[in-house]
Amino acid sequence: MKVLMVSSEGVPFAKTGGLADVVGSLPRELRNKGVDARVIMPAYGGVLSRYGYKMRRKGEITVPLGWRRQYCGILELEHDGIPFYFLDNDYYFKREELYGYDDEAERFAFFSRAVLEALPYLDFTPHILHCHDWHASLVPVFLKTHYREKPFYQKMRTVLTIHNLHYRGIFGKETIPDLLGLGYEYFSPEGLEFYGKVSYLKGGLLFSDFLTTVSRTYAQEIQTPYYGEGLDGILRMRNERLEGIINGIDYNYYNPMTDKQIFQPYRTSLVKKTANKLKLQEMLRFPEDEKIPLVAFVNRLVEQKGLDLIARVLEEILSRDAQVVILGTGDQKYELFLQYMAGRYPDKLSVNIMFDDSLARKIYAGSDIFLMPSLFEPCGTAQLIALRYGSIPVVRETGGLKDTVTSYNERTGKGNGFSFTNYNAHDMLYTVNRALDLYGDRKAWTGLIKNAVKKDFSWSRPAAKYGELYKHLLDRNTGDDIDV
């Protein structure tokens, strides 16, 4: 079985979020299970400057884009056993940042069209085109419009994974003829029209043979108006071809037994984890005391991640005999508030406005409690890393957080964290206090850590589920009955 991942980013070449981690890790596990999985992505300027000398040029093509005819170079590089293909066009991709430009509609329309144009030159004919998020959502649209009559493409099937429905790729209606080369009959509620504009993601939702998202609960949530971002009707319509498959994390990359970034390797030993905590306290200039619970937040400082709740009750948390460390960047109002609070509580609160992977790992290893009270969370990886390192998550029951964290039951000793249901600051505070109170019971806390680290959140099971999905699509020729 041959699968080509189509993505705007992938580790180690380009990353802005969890999408890149998925694209960097999932193909490796698929290959371990006998699937020939490869990746195709843009050749950003930063990628070429760091890796270009290793790449092999496979060809040069001209890509039709509305009335335009644009150059595209096709490059190849094998990394960690995974073949990566890169589509090269300096005008679209040789820029300082991956995203955030006025011509995003044109850039990623070009990318999707170039993927399909490049396929005959890869010496690799995929059975499945596995597309990720709105940046690649035009691939199934183009496949079933401009390429539907071409024999080379007719047996290919498409899967679209929604990593975050909030990002829908919304542009003006003129993109239909100007960039997509389609007639205005596609600008309709049954097509790409979205409240008077065009949504690339909506096109992918309608034209893909199957849809996935990154947790079971999120797959249900996005079929409701609250989480559906205006697309819940389409998702309900296609719910028989929508499945939630929880993301994993790379257990070789995130392994406290071999992680050279932490102070001392460990697995389940509370003594060795405590040694990491004491070193972290020293590094953060906190009083060094293993009996004081250390609460961590490692994430973006934005509303989605629950910063409103944290800001509301932070002072009450700090009134306890507890320490808090925060690492991340985000909205200025949160950054300034947290820095102000750190000035007031220098022995209890450390605020680090940056992203530093080495420090993040030290925090995972040294913290006792990991706070993640998200407003919504399609999957989340921070809680999975925290569980791997024995830092007990306190989460809101949404999306992947609900699917991966089971609230601790004091009577039975079961559970791997703490959770609350409503997006409410005092519900969160009550749950944090539950965790802080239990921390004083060393026997119960040790059992909770053992629960946290023993569940497998590697890529093995998700990759197996994707393999079953690919096989199902090919066995049933699922795409034949989609009317476009």
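The values are calculated or read from the model by the stated rules, or taken from the named source; none is laboratory data. From a predicted model like this one, the values you see are computed outputs, not experimental measurements. All Cβ positions, even for glycine, are placed from backbone atoms using ideal geometry, and neighbour counts span all protein chains on display.
Details
- Number of the exception - L205 against (1) surrounded by fewer than 19 Cβ atoms within 10 Å (Cβ to Cβ); (2) within 20 Å of the chain's Cα centre (by Cα); (3) part of a helix (DSSP H, G or I): (1)
- Between A342, A322, the distinction of being surrounded by 15 or more Cβ atoms within 10 Å (Cβ to Cβ) and free of Cβ contacts under 8 Å to residues at least 24 places away in the same chain belongs to A342 only.
- Condition check for Y218: under 23 Å from the mean Cα position of the chain (by Cα), under 20 Å from T381 (Cβ atoms), hydroxyl-bearing (S, T, Y) and surrounded by fewer than 22 Cβ atoms within 10 Å (Cβ to Cβ): no
- Which listed residue, of I326, I317, is under 25 Å from G390 (Cβ atoms), in a helix (DSSP H, G or I) and either of a type in the set (A, V, I, L, M, F, W, C) or under 22 Å from the mean Cα position of the chain (by Cα) (or both): I317
- Failed item in (1) touching a strand residue (DSSP E or B) at 6+ places or on another chain (Cβ under 9 Å); (2) closer than 30 Å to V63 by Cβ, with G203 passing the rest: (1)
- Among residues of the stretch 17-54 being farther than 25 Å from G467 by Cβ and of a type in the set (D, E, K, R), the one that is surrounded by the most Cβ atoms within 10 Å (Cβ to Cβ) is R50.
- Failed condition for D88, given (1) surrounded by fewer than 22 Cβ atoms within 10 Å (Cβ to Cβ); (2) farther than 29 Å from E468 by Cβ; (3) at pLDDT 95 or above: (1)
Listed here are the residues, each with its yes/no results for (1) surrounded by fewer than 24 Cβ atoms within 10 Å (Cβ to Cβ); (2) closer than 19 Å to L438 by Cα; (3) in the same structural domain as I326 (by TED's automatic domain parsing); (4) modelled with pLDDT of 95 or more.
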residue	(1), (2), (3), (4)
L375	yes, no, yes, yes
A386	no, yes, yes, yes
I392	no, yes, yes, yes
T406	yes, yes, yes, yes
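- Residue in the stretch 95-104 that is outside any strand (DSSP E or B) and touching a Phe, Trp or Tyr at 6+ places or on another chain (Cβ under 6 Å) present: no
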